[in-house]
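Working notes, structure below.
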Amino acid sequence: MKKKIICLPGDGIGPEIMDSALQILQAIANKHQYEFEVETYDFGGIAIDRKGSSLPEETLKACLNSDAVLLAAVGGPKWSGDGDRPEKGLLAIRKALNLYANVRGLEVFPQLATFSPLKEENVKNVDFIVVRELIGGIYFGEPKKFTHEEAMDTLMYTREEIERIITFAFETARKRRKKVTSIDKENVLSSSKLWREVALETAKKYPDVELEHLLVDAAAMELIRCPSRFDVIVTENMFGDILSDEASMIAGSLGLLPSASYSTAGPTLYEPIHGSAPDIAGQNIANPIGMIRSMAMMLNDFDLKAGYVDVEKALHFVLDQGIRTKDLGGTASTTEFTQAMIAVLK
Ligand code: NAD
Ligand code: IPM
Ligand code: MN
């Protein structure tokens, strides 16, 4: 069945890595006779420039009517004021699509283990998933206030919101090594007290899955000390944002990590976890792997397993050849890396 995919290249390195993922998607489609209808829309800073809104109505409408959304990255110094900005569009699209569960998988490619700042023996066998709550918590809580004298954000969660994301984490763990680490700040925050209470209650439905709790500061330390102890991490929006960027370095580069954001019904959104990297934009040196693997997660969710496996295999083959972008100590450009993958897929 033909799948409709909406592409949002966005800003900075976004268009460069999106181009890479779409070329690979095309190669996979040709190889397996998959049918995709791909449409590109303005989103983020470029949409502010062209349409006067970070999330134009037509973009949202197209996303709501799609089977999947591929998003590269948004943001940049050009759009940093108090008014509309790319990051607002990002939060708005997540909310509008009800994308409550953001899955950020971390595995260490053996070929890249030496690029981890951690000792090689400590990054072997690291394979965990961060389940980040994506449409609640301090990012969205009201009231918010900003004046030059006083500013406020609100960290609020309802029982239902917590139960939904904890359940997602347990279901994910059941298909993996059956361990959930719930990360909170229960010693200080009321929202975390409720979080832990609901985690404990939800765990009763999953006697086959181990549940542990960690305070977020200790969790940040444990991620570096012994990352292989984690299977499924579940945590609130902002903790998940921070910890997943920290975790990405275990694998060697922020440019490697994909993500998928799920709702209860409706399209899933796939995006690398990194941002628009304005410092390297327009130079054709961005690492496209996080974007390519996000696209591969989409293939897997579409049940196009052969395509998914092909992308993973091609990635390993290219890395085996020592082809790497600059963030991983290599000299390959974004387009050279992409071409190398396509050559394998043909
Ligand atoms: P960033 O993730 O864009 O970059 C952090 C560092 O990692 C930079 O040195 C960058 O060059 C490097 N990097 C990131 N992705 C890379 C890749 N694929 N290949 C090679 N190097 C890579 O974070 P930042 O600089 O703090 O933020 C820049 C802008 O991106 C901001 O406007 C921010 O709000 C936005 N942002 C957007 C998203 C998103 O669209 N989902 C996510 C994070 C940040
Ligand atoms: C991410 C980003 C966003 C977030 C920003 C740009 C709003 O850091 O997708 O990880 O904090 O969720
Ligand atoms: Mn982030």
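The values are calculated or read from the model by the stated rules, or taken from the named source; none is laboratory data. Remember, predicted model here, so these are calculated numbers, not experimental data. Positions of Cβ are generated from backbone atoms using ideal geometry, with glycine treated the same way; all protein chains shown enter the neighbour counts. Each accessible area value is taken on the protein alone, full model and side chains, heavy atoms only, with ligands, DNA and RNA left out. Shrake-Rupley method; radii C 1.70, N 1.55, O 1.52, S 1.80 Å.
Number of residues in the range 223-262 that are in a helix (DSSP H, G or I), hydrophobic (A, V, I, L, M, F, W, C) and more than 16 Å from ligand 1 (Cβ to nearest atom): the value is 2.
Let's see how each residue does on (1) touching a Ser or Thr at 6+ places or on another chain (Cβ under 7 Å); (2) among the small types (G, A, S); (3) more than 12 Å from ligand 3 (Cβ to nearest atom):
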{"site": "F239", "(1), (2), (3)": "no, no, no"}
{"site": "A247", "(1), (2), (3)": "no, yes, no"}
{"site": "I250", "(1), (2), (3)": "yes, no, yes"}
{"site": "L257", "(1), (2), (3)": "yes, no, no"}
{"site": "S263", "(1), (2), (3)": "no, yes, yes"}
{"site": "T268", "(1), (2), (3)": "yes, no, yes"}
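Tallying residues that are under 23 Å from E336 (Cα atoms) and open to solvent by less than 10 Å² (accessible area, probe 1.4 Å) within the range 1-28 yields 13. Scanning the range 62-93 for residues that are within 13 Å of ligand 2 (Cβ to nearest atom) and more than 22 Å from D19 (Cα to Cα) returns W79, S80, R85, K88, L91, A92.
Once the range 270-301 is narrowed to residues that are among the charged types (D, E, K, R) and under 23 Å from K3 (Cα atoms), the residue that is farthest from ligand 3 (Cβ to nearest atom) is D301.
Among residues that are assigned to a helix (DSSP H, G or I) and open to solvent by less than 10 Å² (accessible area, probe 1.4 Å), M295 is included.
Selection over the range 57-72 of residues that are open to solvent by 10 Å² or more (accessible area, probe 1.4 Å) and either touching a strand residue (DSSP E or B) at 6+ places or on another chain (Cβ under 6 Å) or not acidic (D, E) (or both) gives a count of 7.
Checked against (1) open to solvent by less than 40 Å² (accessible area, probe 1.4 Å); (2) part of a helix (DSSP H, G or I); (3) within 15 Å of V74 (Cα to Cα), F43 passes all but condition (2).
Somewhere in the range 106-113, is a residue charged (D, E, K, R), under 22 Å from L60 (Cβ atoms) and surrounded by fewer than 22 Cβ atoms within 10 Å (Cβ to Cβ)? Within the range 106-113 (the criterion being charged (D, E, K, R), under 22 Å from L60 (Cβ atoms) and surrounded by fewer than 22 Cβ atoms within 10 Å (Cβ to Cβ)), the answer is no, since none of the residues qualifies. Restricted to strands (runs of 3 or more DSSP E) entirely inside the range 147-222, those with at least 1 residues that are of a type in the set (S, T, N, Q) and either modelled with pLDDT of 95 or more or open to solvent by 50 Å² or more (accessible area, probe 1.4 Å) (or both) are 151-154, 179-184.
A count restricted to the range 29-40 and to residues that are open to solvent by 30 Å² or more (accessible area, probe 1.4 Å) and of a type in the set (G, A, S) stands at 0.
Exactly one residue among S259, S228, S263 is at pLDDT 95 or above and touching a strand residue (DSSP E or B) at 6+ places or on another chain (Cβ under 6 Å), and that residue is S259. Regarding the range 185-206, can at least one residue be identified that is hydroxyl-bearing (S, T, Y) and touching a Gly at 6+ places or on another chain (Cβ under 9 Å)? Yes; the residues of the range 185-206 include at least one that is hydroxyl-bearing (S, T, Y) and touching a Gly at 6+ places or on another chain (Cβ under 9 Å). Within the range 55-76, the presence of at least one residue that is part of a loop (DSSP other than H, G, I, E, B), within 16 Å of ligand 1 (Cβ to nearest atom) and farther than 15 Å from G275 by Cβ is confirmed.
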